[in-house]
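Here is the structure we will look at.
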Amino acid sequence: MPVYRAPLEDYRFLLHEFFEVEKQTDLPQFEDLSAEVIDDVLANAGKICEDVLQPLNQSGDEEGCHYENGVVRTPKGFKEAYKSFAEGGWSGLGAPPEYGGAGLPMFLTMLVGEMTESANQSFSMYPWLSAAAYSALIANGAQWMKQHIVPRMVSGEWTGTMCLTEPHAGTDLRLMRTRAVEQEDGTYRMTGTKIFISAGEHDLADNIIHMVIAKIPDENGQIHNDLSTVNFFMVPKYLVKEDGTVGARNGVSCGGIEHKMGIRANATCVMNFDDAVAWRIGPKPQMPKPGEKHSSSEGMKGMFAMMNAARVGVGVQGIAVAEVAMQNANAYAHERRVGQALTGPEEPDQPADLLIVHPDVRRMLLHGRACTEGARAVALWTSLNMSIAGSARPERETAGMLADLLTPVVKAFFTDLGFECANMAMQCYGGHGYIRDNGVEQFVRDGRINQIYEGANGVQAMDLVGRKLGRKGGAGAFALFNAINDFLTANENDAQLADFVKPVRRGLDALQGATLWLAQHGASNPNDAGAGAVDYLRLMGIVVTGWMWARIAKFAQSRLAANPENSTFYREKLISARYWMERMMPECAMLRERVETGSATIMAFEAAG
Ligand SMILES: Cc1cc2nc3c(=O)[nH]c(=O)nc-3n(C[C@H](O)[C@H](O)[C@H](O)COP(=O)(O)OP(=O)(O)OC[C@H]3O[C@@H](n4cnc5c(N)ncnc54)[C@H](O)[C@@H]3O)c2cc1C
């Protein structure tokens, strides 16, 4: 049976020592946070994850969801687990108190999310998608929705979904066909089919609130292949009146569930909208006049806000799967006996040494440690920037730009690392990882979707290179480069830190060089930007994580200098930081070279095809 232990020690280190979150009382939602409150929330979340969610992970995967005549049943135990999760107040962790939530800041919801996803990714998608949906209603919904719908979602009585994808329109939402026609009373009637809708139908909650994008037809009843008429709607499974009373079943139904590689206990649904009553979220769009150029839709704004938060959440899913997979691989490496240490048997009285004696097994485990803890620090830093962006601090604009820039990096780089680590964890088990009994192959299967949904990782890379890099004249990228450069300059003469400062300096040079190359070539030949985008995103991810590891190394050194008797915790941090410098930072030069190779060969391949 796989195991999971909430990594509370690392959380406490990052929050209380490294980022000192409880001192940042000027940030919104941080006012009443003490270290005790934070630790209490994390410990209690860890407990429900270890005791309730994790034990259902393997059985949920084996059983999967059941579909019959439009009804979806989740696997055995999920209903009871969801009830205790909701009763514990976990569904409303980040929601403002006026809606019944705990009003906790993003860094805490992020860490609780990481734990639930490590314990049971399929389960955790039900409440976390719901949180994304109610956040969209809080941001842009009508007053009656905030009064009567949001509190029921916050309490977990109802759940929510995000409905974007259609059979012929996943990445390319311009092509969607679902339409919503305005009625005299101001509501809309929606018709169309959405596919791959996570938690679209299930038996955990009494009502499901679908957040849907659809096109409003023009005066001739036509819909266009662009985004100008795309709008954002709320479509409840059971109708809700403006006074909050729940009415009849709406015209939305589940046409089936997908049979898929991983997250098998999360229902991935085909959702049919048949003249369903829908409410538009946000301001009424300006329809383009006949012959007028269609521009990007204002109506998509609410959806993009929902998706940006969800992207960081998916990046955290990558960290979560790496954490749990590596915890299990580490335990296995300390119990399985295979071969002998290269320098001679470590336990001569035993038939063989433990797996952990082999350098390559240690390499994989240390890779997992360095990726997970480094990525977690970067994700937390990104969430803190998001909080600063909403504060009165003078640096709020810069913080917002940094968070905006790093969102695709967190999503794509950390989900890539998550899959890499899950795969390495399986390698540590040998054939015993490939078979199902040990549960480690489930992590590989579950972790794979994180690279695809919420915008495939290649599309995230295009978002970084095509949109985020150039935004506001490249201000976000400059802010990031300056922050890294400031640290390097301040520590350049510290001999003790040389092993950390030098590789990050080389990495930053590679990143700046590749950025300049893209700026010079990407505009004249967009294929050059497209061909190098994935390598560029990884390059930025490695450099940012390297910078974070260098800062952690400096911190750990100071703790050890103050008290050489200090725990092995700081020594292990130094080892992980060194690993990143020695084994990950050298990739930067290679990635830069790849970016600067351009697109000629790649595009010639298509021509030859
Ligand atoms: C298990 C699961 C759960 C999901 N949950 C939801 C959900 O809750 N709600 C929802 O709306 N959707 C959901 N999705 C859909 C998911 O978001 C889409 O599958 C994803 O966005 C990719 O769209 P697509 O599958 O149509 O691939 P396509 O758009 O056909 O793209 C195929 C591949 O081409 C590449 N590609 C496409 N365009 C570009 C580009 N411009 N630049 C570079 N590369 C490109 C990418 O590598 C991409 O993976 C889910 C999917 C799955 C499998």
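Annotations
- Normalised size of the chain, defined as Cα radius of gyration per 2.2 N^0.38 Å with N residues, equals 0.98.
- For the range 512-609, Kirkwood radius (reciprocal of mean inverse C-alpha pair distance, Å): 15.6 Å
- Kirkwood radius for the range 179-338, taken over all pairs of different Cα atoms as the inverse mean of 1/r, rounds to 18.5 Å.
- Ordering Ser91, Ser135, Ser59 from the fewest to the most neighbouring beta carbons within 10 Å gives Ser59, Ser135, Ser91.
- In this Cβ point-charge picture (+1 for Lys and Arg, -1 for Asp and Glu), the range 498-609 has a dipole of about 560 debye about its Cα centre.
- Projected label distance in nm at Glu98 and Asn566, using a 7 Å step from Cα toward the beta-carbon: 4.4 nm
- The distance between label points at Gln350 and Asn527 comes to 5.7 nm (points 7 Å beyond Cα on the Cα→Cβ vector).
- Between the beta carbons of Phe304 and Gln147, assuming R0 = 35 Å, the FRET efficiency works out to 0.90 to the nearest 0.05.
- Applying the Kirkwood pairwise sum to the alpha-carbon positions of the range 466-520 produces a hydrodynamic radius of 12.2 angstrom.
- Rg over Rh for the range 398-475 works out to 1.18, both radii taken from alpha-carbon positions and Rh defined as the Kirkwood radius.
- If the convex hull is drawn through the Cα atoms of the range 1-158, its volume per residue in Å³: 112 Å³
- Taking the centroid of alpha carbons for each part, the range 336-388 and the range 237-285 are 44 Å apart.
- The long axis of helix 78-87 is offset from the longest Cα principal axis of the chain by roughly 90 degrees.
- For Ile602 and Thr25, the difference between the fully extended length at 0.36 nm per residue and the C-alpha to C-alpha distance is 202.6 nm.
- Each of Asn44 and Thr193 was given a label point 7 Å from its Cα along the Cα-to-Cβ line. The distance between the two points is 4.5 nm.
- Nearest-20 debye value, the chain charge dipole, Cβ charges on Lys, Arg, Asp, Glu: 1040 debye
- Per-pair calculated FRET efficiency, R0 = 51 Å: Gln520 and Glu17 via Cβ, rounded to 0.05: 0.75
- Once the C-beta distance of Ala139 and Ser84 is scaled by a Förster radius of 22 Å, the resulting FRET efficiency is 0.15 to the nearest 0.05.
- Excluding exposed DSSP-loop GluC sites (Glu not before Pro) (at most 11 other C-beta within 10 Å), longest clean stretch of the chain: 336-564
- Residue-averaged 222 nm ellipticity for the chain, from DSSP H runs of 4+ at -39500 (n - 2.57), nearest 500: -17000 deg cm²/dmol
- When each of the peptides 520-528, 70-78 is scored by the mean number of other C-beta atoms lying within 10 Å of its residues, the order from highest to lowest reads 70-78, 520-528.
All of the numbers you see were taken from the coordinates with simple rules; none came from a lab. The model shown is predicted, which means the values in this text are computed figures rather than measured ones. Counting neighbours? That spans all protein chains shown, and the Cβs are built from the backbone with ideal geometry, glycine included.
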